[in-house]
């Protein structure tokens, strides 16, 4: 009897386990994922939202940028990095639902000379700056709820924030 799992003749997701059965196979999702085993999406913790394989959470409690970053890290996450228009729109929809005026995102100036970079190491390939931004008014970046535009500001302001894992 052929073992479909060992032979690789199955359609289980890479995020699932294949179990051989009599002349067939069964797919079941692994811990941290959900689905039917053929299609397995990452499972997010309660209160977190799935988009593009990552989980997102909006915190309405206001904090300094650095404290926001530490709060995300304590949840095995980082301040959100935004790498596409679609992701920007998704984050914007989350913060509109949370009823906050603005949130810290994971973009900040660091190093010498000072350059903008994502705190999770992602490449800065997409941006949604407000006109004439960044204007060097601060080293940290926030997203406005009104229009999803990004502005740089002093890291000593307290704002809500979005974490991504």
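Just a few scattered comments:
- All positions within the stretch 136-157 that are out of contact with any helix residue (DSSP H, G or I) (no Cβ under 6 Å at 6 or more places or on another chain) and not in a loop (DSSP other than H, G, I, E, B): 141, 142, 143, 144, 150, 151, 152, 153
- Every residue from the stretch 152-164 that is touching a residue at least 24 places away in the same chain (Cβ under 8 Å) and surrounded by 18 or more Cβ atoms within 10 Å (Cβ to Cβ): 152, 155, 159, 160, 161, 162, 163, 164
- Residue within the stretch 41-55 that is modelled with pLDDT under 70 and over 28 Å from residue 129 (Cα atoms) present: yes
- Whichever residue in the stretch 121-144 is within 17 Å of the chain's Cα centre (by Cα) and modelled with pLDDT of 95 or more and, among such residues, is surrounded by the most Cβ atoms within 10 Å (Cβ to Cβ): 143
- Only residues that are touching a helix residue (DSSP H, G or I) at 6+ places or on another chain (Cβ under 7 Å) and under 21 Å from residue 99 (Cα atoms) were counted across the stretch 44-77, and they come to 7.
- Taken over the stretch 88-120, the residue count meeting the criterion of being outside any helix (DSSP H, G or I) and either out of contact with any strand residue (DSSP E or B) (no Cβ under 7 Å at 6 or more places or on another chain) or surrounded by 19 or more Cβ atoms within 10 Å (Cβ to Cβ) (or both) is 16.
The values are calculated or read from the model by the stated rules, or taken from the named source; none is laboratory data. All of these numbers come straight from a predicted model, not from anything done at the bench. Cβ atoms come from the backbone with ideal geometry, glycine included; neighbour counts cover every protein chain shown.
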